[in-house]
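The values are calculated or read from the model by the stated rules, or taken from the named source; none is laboratory data. Just so it is clear, the model here is predicted, and its values are computed rather than measured. Positions of Cβ are backbone-derived with ideal geometry, glycine not excepted, and every protein chain shown enters the neighbour counts. In case anyone asks, the SASA skips ligands and DNA or RNA and just uses the protein heavy atoms, side chains included. Shrake-Rupley method; radii C 1.70, N 1.55, O 1.52, S 1.80 Å.
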Amino acid sequence: ARIAEEARIAEEARIAEEACIAEEARVVEEALIAEEASRKAAQELAEQIARDEADAQAAEVDEKMARLDIAFAAAEEDALRRADELFNLGSSVDQIRALYSEGILLQLRLVPRMSDVHSQVPAVPEPVVNWEEARAVAEQLEEERFPSQAQAAVVDEAGNLAARLTAFYFEHNALMLETVGDVSRKFVGKEIELNDALRRKYQCDLTSMAEQQAAAVAEQADADSVAARRMVWEQEEEFADAHSDAASVASVDMEPMSDLVWKAMGLLEGMGFTDRAVNLELLKKHNNVVEATINELVC
């Protein structure tokens with residue numbers, strides 16, 4: 001029993017010693033952590049102080065530069081004023097140049113004012129005509145000139161052909177547009193052969209395309225003319241309806257007219273037959289045949 005008691009006491013002593021060692025280790029670790037935190041805080045504070053000092057120095061430098069700019073501008077303005085006063089008092093440019101820089105003189109325009117370099121209008125040289133060369137060109141034979149009239153005509157013809165060929169290919173085969181120059185030079189003066197080749201491939205040539213374009217233009221012009229006449233007539237009818245006294249002269253109860261009737265009415269009025277009521281009645285009688293209507297109007 002005594003031995004067991006001694007063992008128990010020894011075990012309790014060991015446990016107490018281990019607990020004491022663990023506590024000491026914990027205290028040391030906390031001290032280290034606190035020391036590291038204190039060191040980091042001191043380092044951050046030092047960095048912040050350094051940044052503040054750098055910002056303050058930069059602000060001080062900027063302020064000095066601003067003051068320097070202001071002082072320089074004031075000095076330059078003072079120099080300009082004093083130089084201008086010296087000039088007005090009769091000082092020469094050389095005297096002012098001895099005291100101030102060329103920039104001051106240029107800003108005050110003293111150099112141009114004294115030397116008149118910039119105030120004088122530069123003389124325009126008169127053209128020199130080489131009369132001998134001009135006489136030689138005038139007396140040169142036509143066949144010896146370059147380009148001769150024949151060569152110039154060929155160039156003009158090639159340009160005209162290239163323009164029409166460009167329009168043709170633009171409508172029928174855009175991939176051939178890059179060959180227009182070569183084709184136009186090859187077939188200049190040979191438009192008949194070119195038209196034959198185009199007709200075989202596209203069932204159309206430059207001449208027929210020009211005719212189609214002219215017909216389309218004429219058709220559009222007719223349509224525009226009919227539309228314009230219709231607009232005029234409608235405006236006249238509105239005016240007549242609004243003024244019933246004048247409407248009795250030309251008012252006719254008309255049904256809406258087709259484009260064919262409008263065109264026929266335009267042709268008749270263009271020929272001098274201006275009685276619309278008679279024109280409409282005869283057109284209706286002859287089924288809008290203009291020739292039969294004109295025959296009856298003439299008779």
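Does Asn287 qualify as being part of a helix (DSSP H, G or I), at pLDDT 75 or above and of a type in the set (S, T, N, Q)?
Values: part of a helix (DSSP H, G or I): no; at pLDDT 75 or above: yes; of a type in the set (S, T, N, Q): yes.
When the stated conditions are applied, Asn287 does not pass them.
Which of the residues that make up the range 184-206 are out of contact with any helix residue (DSSP H, G or I) (no Cβ under 6 Å at 6 or more places or on another chain) and either β-branched (Val, Ile, Thr) or at positive phi (or both)?
Once the filter is applied, which keeps residues that are out of contact with any helix residue (DSSP H, G or I) (no Cβ under 6 Å at 6 or more places or on another chain) and either β-branched (Val, Ile, Thr) or at positive phi (or both), the range 184-206 yields Gly189, Ile192, Gln203.
Consider Glu60 carefully, then state whether it is modelled with pLDDT of 90 or more and open to solvent by 90 Å² or more (accessible area, probe 1.4 Å). Talk me through it step by step, then tell me what you get.
Values: modelled with pLDDT of 90 or more: yes; open to solvent by 90 Å² or more (accessible area, probe 1.4 Å): yes.
Yes.
Give Leu282, Leu268 a once-over and let me know the one that is over 30 Å from Asn160 (Cα atoms) and at pLDDT 80 or above. Spell out the reasoning first.
Details: Leu268 fails: at pLDDT 80 or above.
Criteria check complete, one pass: Leu282.
Run down Leu206, Leu175 and say which single residue is farther than 30 Å from Trp262 by Cα, open to solvent by 60 Å² or more (accessible area, probe 1.4 Å) and of a type in the set (A, V, I, L, M). Quick ask: steps written out before the conclusion?
Values: Leu206 fails: open to solvent by 60 Å² or more (accessible area, probe 1.4 Å).
Going through Leu206, Leu175 in turn, the sole match is Leu175.
From the list Arg97, Arg39, Arg81, which one is without any contact (Cβ under 8 Å) to a residue 24 or more places away in the chain, open to solvent by less than 100 Å² (accessible area, probe 1.4 Å) and not aromatic (Phe, Trp, Tyr)?
On the way: Arg39 fails: open to solvent by less than 100 Å² (accessible area, probe 1.4 Å); Arg81 fails: open to solvent by less than 100 Å² (accessible area, probe 1.4 Å).
Among Arg97, Arg39, Arg81, only Arg97 is without any contact (Cβ under 8 Å) to a residue 24 or more places away in the chain, open to solvent by less than 100 Å² (accessible area, probe 1.4 Å) and not aromatic (Phe, Trp, Tyr).
Among all residue pairs at least 6 apart or on different chains, which show Cβ distances below 8 Å where the first residue, located in the range 63-78, is assigned to a helix (DSSP H, G or I) and the second is surrounded by 10 or more Cβ atoms within 10 Å (Cβ to Cβ)?
Going by the 8 Å Cβ cut-off, the qualifying pairs are Glu76/Ile104.
Restricting the range 186-213 to residues that are among the charged types (D, E, K, R) and touching a Leu at 6+ places or on another chain (Cβ under 9 Å), which is modelled with the highest pLDDT? Step through it out loud before you land on a result.
At the first step, the residues of the range 186-213 found to be among the charged types (D, E, K, R) are 186, 190-191, 193, 196, 199-201, 205, 211.
Checking which are touching a Leu at 6+ places or on another chain (Cβ under 9 Å) leaves us with 186, 191, 205.
Details: Lys186: 85, Glu191: 84, Asp205: 88.
Step by step, filter the range 186-213, then rank; the result is Asp205.
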